[in-house]
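Below is one structure, written out as structure tokens; the observations come after it.
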Amino acid sequence: MIRVLVVDDHPVVREGLVTVLSDEPDVQIVGSAASAEEALPLAAHERPDVILLDLELAGASPTSAPARAPGSSAPLDGVEAIPRLAEASPHTRVIVFTAYDTDERVFGAIRAGARGYLLKGASVPEIAQAIRVVHAGGSALEPRVAAKLMAEVRTPRSAAPLLTAREQEVLRLVAQGLPNKQIARQLSISERTVKFHLTSVLRKLDADNRAQAVAQAAQRGLL
């Protein structure tokens, strides 16, 4: 079973997600929270496999606002919560579930460590499949979000690439949401070789996960 924690400040959305995802045969809802502050102790106690996280939590300021003062008790927004949730439950993977797909929010969430980015309006099967993909170690990007990353990937480069040609090929397929098995099949290489290239990419880009690597490579014009 995939153990899931739902974090959304809108009761109707939160309760609806809990209800529909509870019907999935391989999903177990271990808790729900209306804020990052509620989610942190739940994550530490329940150790969910996946957290479905809204970015725009009530009372929280967006991360585009000036940096909070040390010791501030202001509510955390979703992007700020991602690394805190990772500290509370290190093996947990976060999928952002939001109404916003601005570049700032997309890249901010992925840089913070999100493994997936879905827009509200996604169907139940799409949400459930994203949970499965991310739980299995992949990345799940809503098509419009993936298109943003791919548009950045295609931006002309002004400097020699840090990544090898094969690493670029692998990362482009990662950006499309393909798991290692499909990448291996498409490039006619073994899954072990795919993992080797991904490890090299993560190291070169100082990234913690696949989605973060795609975002950083796109922003740096390395693909």
*Would you point out the residue of the stretch 1-19, among those that are in a helix (DSSP H, G or I) and either not aliphatic (A, V, I, L, M) or not assigned by TED's automatic domain parsing to the domain that holds A130 (or both), that is farthest from A122 (Cα to Cα)?*
P11
*Kindly indicate whether any position in the stretch 37-45 is part of a helix (DSSP H, G or I), in contact with a Pro (Cβ under 7 Å, 6 or more places away or on another chain) and either modelled with pLDDT of 90 or more or of a type in the set (A, V, I, L, M, F, W, C) (or both).*
yes
*Across the stretch 21-37, which residue is nearest to the chain's Cα centre (by Cα) among those that are farther than 20 Å from A136 by Cβ and exposed (fewer than 15 other Cβ atoms within 10 Å of the Cβ)?*
S22
*Hey, could you check the stretch 79-88 for residues that are crowded, with 20+ Cβ neighbours inside 10 Å and touching a residue at least 40 places away in the same chain (Cβ under 8 Å) and say which is nearest to R111 (Cα to Cα)?*
E80
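The values are calculated or read from the model by the stated rules, or taken from the named source; none is laboratory data. Keep in mind the model is a prediction, meaning the values are calculated, not measured. Neighbour counts are summed over all protein chains in view; Cβ atoms, including those assigned to glycine, are modelled from backbone coordinates with ideal geometry.
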